[in-house]
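Below is one structure, written out as C-alpha cells; comments come after it.
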Amino acid sequence: MKRVLDFLESRFGLVSLWRAFADEPVSVRRAWLFTLGSAALAVFLVQFVTGFALALAYAPTPDHAWESVKAIQTRLFAGGLVRGLHHWGASAMVVLAVAHMARTFAFGAYRRPRELNWLVGLALLVLVLGFGFTGYLLPWDQKAYWATVVGTKVPAALPFVGPAASRLMAGGPAVGAATLTRFYALHVVLLPLLAFAFISVHLLLLRRHSHAGPTTEPDPKEPFFPFQAARDGVVTLAVILALFWLAARHPAPLERLADPTDTMSVPRPEWYFLPLFQLLKYFKGPLEPIGTVVLPGLSMLLLALVPWLDRGASRRPRDRRPVLVFGGLVGAGLLALLVFGALDAPKIKAPSGLGGSGEPPDPRLLGGLASYERRGCASCHGADGRPAADASPNAVGLAARAHVLQGDALVAHVKEKSVKPLVAEKEGENPDKDVPSLLAYVEAIAKDGVRLSALPEPIRVGGAAIDREDCRQCHQLYGEGGRRGPVLAHLFGKRDKDWLVAHFKEPKKLVPGSKMPPFRFLPEAELSAMSDYLLAVP
Amino acid sequence: METRRTFTLAAIGTALAAASSVAGAALAFVLGPLRRRMPKQSAFLDLGPASAFEALHAGTSGPEEVVVERTVEDGYMTRRVKERFAVVPDAEAATGLAALSMTCTHLGCGVSWNGARKAFLCPCHGGVYGPGGNVLAGPPPKPLTRLPLVVSGGRLQLDTAALDA
C-alpha cells in the first residue's frame, strides 16, 4: 500500500494534492450552512449517473420519445426508480443551488477576492435552469410539448432578433422533431461538458481563496477532513435518501402523448419556471419583452455586479443592511410570483357526475369493456382481467401480461368460450361485431394495465353506446374517425346535456340541414349517458 | 527576433484559422433552421360539406371547431401535424365564413371556445378573444389569425397559404 502511494505521489503528486485538499482550514462556526455546495455537487453527480442510464433507453424522436419514456417508467427493470431519481434530482438541484447562492449572498462571501467565483456560480445556476428547460421536453408528453411551445415563443417578441432566436431554439417554425434533437443534444452533450468545466473552475477557485467563512471575527478553524467532510457526507446522504423516498413514493409523472390539438390539459411549466411564467401575465402587448427578457436580464446583470456594488470592508450584516434588504426583497418577489403562479392555475372543471376524474377513455375500450362483461369473460379472468383473491385456480389474469392471445387465436377463443351476446342485437347484424373492441380492451389490459370497470356508469354506458353505434363513421373523436360531421371535442361549455339529448333524437330540429340520422330508438338512459361522455371529452 | 515574432504570430493565426473553420462548419449547421426551405404554397384543406356550417350563418350556434391535418417539414423529416381552427361568420367574406386559428398569438398555447362567456380563452396567460378573434383582454398582441375559406363543389375549404410553412 505504502509503495503504491509513494508511486502515485512521485509520478502524480496525488498524496500532496489530497493533503492540500483535506487539510484546508475551514470555519467551525455555522459549519452546517457550508454543506450546501457539496450537496449540490452530489446531486449533480446523481443527475449525471441517472441521466446516462436513461439515455441508454431513450429515443429523441416525436414518434418514439414518449413511448421510450413510458417503457422506462413501466416496463424496464428499475426504470421507474432511475427516472424518479432524475426527475426529483432536477428539483433538488435547483433548490440546493439557490440555497447555496442565498447563503453566499447573505454572508457577503462574493467580496474581493472571490468576485470571479461568484460569477462562475451564477453561470452554473444558468446551466442548471438550462438543464431543466431542455430536460423536460424530452418525455414528449403534453406538459413537455406546451411548456416548450411557450418557452421557444418567449424570445419571439424581442425587436429585430426575436423571430430568428425563436426559430433557432425550435430548430424550425414550430416545436417538433428538430426541437427534440436540439434539446437532447444540449441536454446530454453540451450542458454536461460546460457544467463539468464550470464546476472544476468553481472548486479550483474555492481552494485558491479558501472558504470565506461566517461574517464575524474571530473565526476558529479546523481542517476540512474529517470534520467538514463528515458534515458534507451527512447532508449529502440525507438528500440522496430523500431522492430515493420521493422516487419510490411519488413516481415521475408522464402525461398523455403530446397533442398539439388538445387544449384541455392546461400548460404549466415546472415549478422553478413558474415565477417567469407568472411574470408573462403582467406585461401586455408591446410591453411583453419587459416581462420575458428585460426584467430577468436585468436581475441577472444586477446579481453579476453585486461584488462590485457592495464592496465595504466589513461583512457583518449590520454594515450591509441596504444590500441585504434588497436581496431579501428580490427573494420575496420571486417567492410571491411562485406562489401566485401556483395559485393562479386556471381551473377547467370536469362536468359534474364524473367524480372529477378527467377525461374518459376511448369509446372503443368502453365498448370492449361492455362486451367483456356481456360475454362473461370476467367469470374466468376477473373484472378488468384481475381475478378476485378467492377465484378458482383455473382463473387466468390478463393484466400486465407479456403475452395474451392475439389475432385469430383470440377471436377463436372468444367465440368458443364466451357466453353468446345476451342483449338482442339488431336484426341482420353480425353478432360478433363487438369483437374488435373486445380485443382492443384486452390488449389495453395486458399492455397498459387499464382498469375501467370502476368508472362512473354514465361514462361506461355512454362510451360503449358511442362505440356500438359507430359515431366515428362520421365524427372525429380523440383524433380518429370520419370528417362528415363536426369533431367531437371541447363540447363542454358549448353545448349542454339537454341540447345533446334533443339533438340525438332529432338533429334537424336543432341544426337545420344536418345530415345526421336520428337516434330516437336508443333508450333515454343511453342517450343521456352518451351526452355525459361527450361533455367529458376534452 | 523579428523572425521569431513572425513565426509565433503565424502559428497562432494558423491554429485560429483551423479551429474556426471547424467551428464555422458546425455553426453553419446549427444556424441551418434560419433558412426557409419550403416555398409558401397555396393548398386547400377540406373541412367538410358547406351545409354542415349553415347554423353559423343563422347565428344559432357558437363557432364550429375543425381539426385539419397537413404535412410540414420538420428538421430531418416531414410530419403530419394537426391544427385547430374555429369557423366563424364573416360578413365581408364571399362565403360568409372565415376560419380563425385557435393558436394564441401571445405564446402559442391553444385557445378554446367558452360558450358561457362567448369568448375564446387561452389557458396559459389569460388571453381573451371575442367571437371574431379580436383581443378583449390579456397579453395577446394581435387578434387570432384569420384565414380565408372557399366553397368548392359544395365543400368548405381552408386556404392555408397564410400559414407558416
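Inclusion of residue A:176 among residues that are more than 23 Å from residue A:256 (Cβ to Cβ) and facing another protein chain (nearest Cβ under 9 Å) is not warranted. Looking at the stretch A:252-266, can you tell me whether even one residue there is surrounded by 15 or more Cβ atoms within 10 Å (Cβ to Cβ), away from every other protein chain (no Cβ under 12 Å) and part of a helix (DSSP H, G or I)? Within the stretch A:252-266 (the criterion being surrounded by 15 or more Cβ atoms within 10 Å (Cβ to Cβ), away from every other protein chain (no Cβ under 12 Å) and part of a helix (DSSP H, G or I)), the answer is no, since none of the residues qualifies.
Reported count of residues in the stretch A:281-320, each being in contact with a Gly (Cβ under 9 Å, 6 or more places away or on another chain), basic (Lys, Arg) and either without any contact (Cβ under 8 Å) to a residue 24 or more places away in the chain or farther than 20 Å from residue B:141 by Cβ (or both), is 4.
The number of residues in the stretch A:214-236 that are in contact with a Phe, Trp or Tyr (Cβ under 8 Å, 6 or more places away or on another chain) and in a loop (DSSP other than H, G, I, E, B) comes to 2. Of all the numbered requirements in (1) more than 21 Å from residue B:68 (Cα to Cα); (2) surrounded by fewer than 16 Cβ atoms within 10 Å (Cβ to Cβ), residue B:127 misses one, and that requirement is (2).
Could you please give the count of residues in the stretch A:150-164 that are at the interface with another protein chain (Cβ under 10 Å from one of its Cβ atoms) and of a type outside the set (D, E, K, R)? Qualifying residue count for the region: 8. Scanning the stretch A:267-319 for residues that are within 14 Å of chain B (Cβ to nearest Cβ) and not in a helix (DSSP H, G or I) yields A:267, A:268, A:269, A:280, A:281, A:282, A:283, A:284. Evaluate the stretch A:33-51: report whether one residue or more is surrounded by 14 or more Cβ atoms within 10 Å (Cβ to Cβ), assigned by TED's automatic domain parsing to the domain that holds residue A:126, in contact (Cβ under 8 Å) with a residue 24 or more places away in the chain and under 29 Å from residue A:449 (Cβ atoms). The answer is yes; a qualifying residue exists. Taking the criterion of being among the hydrophobic types (A, V, I, L, M, F, W, C), out of contact with any Leu (no Cβ under 9 Å at 6 or more places or on another chain) and under 20 Å from residue A:291 (Cβ atoms), the only residue of the stretch B:94-120 that qualifies is B:109.
Out of the stretch B:108-129, which residues are more than 7 Å from chain A (Cβ to nearest Cβ) and part of a strand (DSSP E or B)? If the condition is that a residue be more than 7 Å from chain A (Cβ to nearest Cβ) and part of a strand (DSSP E or B), then B:119, B:120, B:121, B:128, B:129 are the ones that fit.
Annotation: of all residues in the stretch A:248-261 being in contact with a Lys or Arg (Cβ under 8 Å, 6 or more places away or on another chain) and of a type in the set (A, V, I, L, M, F, W, C), the one that is farthest from residue A:43 (Cα to Cα) is A:254. On the basis of being at pLDDT 80 or above, under 18 Å from residue A:261 (Cα atoms), touching a helix residue (DSSP H, G or I) at 6+ places or on another chain (Cβ under 6 Å) and crowded, with 16+ Cβ neighbours inside 10 Å, does residue B:121 make the cut? Judged against the criteria, residue B:121 is not a match. Only one of the numbered conditions (1) within 25 Å of residue A:491 (Cα to Cα); (2) more than 7 Å from chain A (Cβ to nearest Cβ); (3) at pLDDT below 85 is violated by residue B:44, and that is (1).
Being at the interface with another protein chain (Cβ under 9 Å from one of its Cβ atoms) and not aliphatic (A, V, I, L, M) is the requirement here; does residue B:132 meet it? Criteria not met by residue B:132. Selection of the stretch B:108-165 for residues being of a type in the set (D, E, K, R), in contact with a Pro (Cβ under 7 Å, 6 or more places away or on another chain) and touching a residue at least 24 places away in the same chain (Cβ under 8 Å) yields B:118, B:155, B:159. For residue B:145, the requirement of being within 12 Å of chain A (Cβ to nearest Cβ), surrounded by fewer than 21 Cβ atoms within 10 Å (Cβ to Cβ) and within 17 Å of the chain's Cα centre (by Cα) is not met. A Cβ distance below 6 Å, combined with a sequence gap of six or more or placement on separate chains, defines the contacts here; from the stretch B:73-101, residues that are more than 10 Å from every other protein chain (Cβ to nearest Cβ) reach residues that are outside any strand (DSSP E or B) and charged (D, E, K, R) in the pairs B:97/B:90; B:98/B:90.
The values are calculated or read from the model by the stated rules, or taken from the named source; none is laboratory data. Just so you know, these numbers come straight off a predicted model, no measurement behind them. Cβ sites come from the backbone with ideal geometry, for glycine too, and all protein chains shown count toward neighbours.
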